[in-house]
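> Submitted below is the structure of interest, expressed as structure tokens.
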Amino acid sequence: MPGLLLGDEFPNFEADTTIGRIHFHDFLGSSWGILFSHPRDFTPVCTTELACAARVSDQFKKRGVKMIALSIDSVEDHHNWSKDVMAFNSDADTTLPFPIIADHNRELSIQLGMLDPDERDKDGLPLTARCVFVIGPDKKLKLSILYPATTGRNFDEILRVIDSLQLTAQKKVATPVDWKAGEKVMVIPSLSDAEAAALFPNGVTTKELPSGKKYLRYTQP
Ligand code: BEZ
């Protein structure tokens, strides 16, 4: 079964892209990275997604996250499609602010478990699903989300998740439902109250619950 699990080292693949041939680990350097795949160039949902990714690219840069897209067409198609994407953004004079990998023989899509068996091209070959991989500076997989080809992603949610990943990589906290950067976080269950008190100088508040168990502990990171 191809595919990657959280904590796996992300493959150091070689690929042709719109910025030339890359070795993925060299492309990432010591940065965080996001690789997001698209079913096909010149398709409607993909175009709206790539355009949104371009509009929020400064937000990824601010977080130190290098962006790269993937689709199963050629570099030449990617260059032409990128012009449509930027025109869709009414920004036709600017180039797409991140590269696109050309996976025309679907090698990477197979290796990374990215094919959507329900969506096929005119020759009956499966298209790529909408995968999101976030890779840490240690080159390990920190997050993977897999959407079918028929459902577009939400890049605000992906940025929100990256804020959580980067915070929880540094501090022994976890982020609750719908958390946004700057809000209170939860102390992770494996920390004792004494350890939490020592680690969080802003204090820890514990919510009383019917069970009497003191597991809902909040702090301001
Ligand atoms: C799209 O990007 O619009 C799309 C691509 C493949 C299947 C369905 C939708």
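The values are calculated or read from the model by the stated rules, or taken from the named source; none is laboratory data. Bear in mind that the values here come from a model prediction, so they are computed numbers and not experimental data. Positions of Cβ are generated from backbone atoms using ideal geometry, with glycine treated the same way; all protein chains shown enter the neighbour counts. Ligands, DNA and RNA are excluded from the accessible area calculation, which covers all protein heavy atoms including side chains. Shrake-Rupley method; radii C 1.70, N 1.55, O 1.52, S 1.80 Å.
> Return one whole number: the accessible area per residue of segment 14-153 in Å², for a 1.4 Å probe. Write down the numbers at each step before the final one.
Details: 6390 Å² over 140 residues.
For segment 14-153, the per-residue accessible area is 46 Å².
> Could you list the trypsin sites (Lys or Arg not before Pro) in segment 36-84 that lie in coil according to DSSP, counting only those with at most 16 other Cβ atoms within 10 Å of their Cβ?
The qualifying sites are ARG63.
> Sticking with this structure for a sec: Determine the distance separating the Cα centre of segment 126-189 from the Cα centre of segment 42-63; give it in Å without decimals.
Centre-to-centre distance over Cα atoms comes out at 16 Å.
> How much mean residue ellipticity at 222 nm does the chain get from its helices, if each DSSP H run of length 4 or more adds -39500 (n - 2.57) and you divide by all residues, to the nearest 500 deg cm²/dmol?
-8500 deg cm²/dmol
> For segment 171-219, what is the relative contact order in percent, using Cα pairs closer than 8 Å and at least 6 residues apart in sequence?
This gives 33 percent for segment 171-219.
> To continue, here is another question. Please list 3J(HN,Hα) in residue order for segment 11-28, calculated via the Karplus relation 6.51 cos²θ - 1.76 cosθ + 1.60 where θ = phi - 60°; whole Hz, with x for glycine and proline.
So the Karplus estimates, Gly and Pro as x, are x, 8, 6, 9, 7, 7, 9, 6, 10, x, 6, 10, 9, 4, 5, 5, 4, 6 Hz.
> Moving on to the next point. If you average the sequence gap of Cα pairs under 8 Å that are 6 or more apart and divide by the length of the chain, what percent do you get for the contact order?
Averaging sequence separation for qualifying contacts and normalising by length gives 20 percent for the chain.
> Heads up, I need the accessible area for ASP156: 1.4 angstrom probe, whole protein in place, Å², nearest 10.
Taking all protein chains as shown, ASP156 has close to 110 Å².
> Please list, or write none, the aspartates and glutamates whose alpha carbon is within less than 13 Å of the alpha carbon of LYS140, excluding same-chain residues fewer than 8 places away.
ASP8, GLU9
> Follow-up. Taking the Cβ of GLN59 as the center, what net charge do the other residues with Cβ under 14 Å away carry, scoring Lys and Arg +1 and Asp and Glu -1?
Combined, the nearby Lys, Arg, Asp and Glu give +3.
> Here's another thing I want to ask about it. Could you work out what % of the accessible surface of the chain is carbon and sulfur, using a 1.4 angstrom probe and leaving DNA, RNA and ligands out of the count?
Details: 6100 of 11610 Å².
Here it works out to 53 percent.
> Tally Lys and Arg at +1 and Asp and Glu at -1 over the other residues with C-beta under 9 Å from the C-beta of TYR218: what net charge comes out? Write down the numbers at each step before the final one.
On the way: positive: LYS184, LYS207, ARG217; negative: none.
Around TYR218, the surrounding residues sum to +3.
> Taking the Cα centre of the chain as origin, work out the dipole magnitude from +1 charges on Lys and Arg Cβ and -1 charges on Asp and Glu Cβ, in debye rounded to 20.
1160
> Count the net charge of all other residues whose Cβ sits under 13 Å from the Cβ of GLU14, scoring Lys and Arg as +1 and Asp and Glu as -1. It would help to have the intermediate numbers written out before the result.
Values: positive: ARG21; negative: ASP16, ASP26, ASP103, GLU107.
Local charge sum for GLU14: -3.
> Run through segment 178-221 and list the GluC sites (Glu not before Pro) located in a DSSP loop whose Cβ has at most 11 other Cβ atoms within 10 Å.
Passing sites in segment 178-221 are GLU208.
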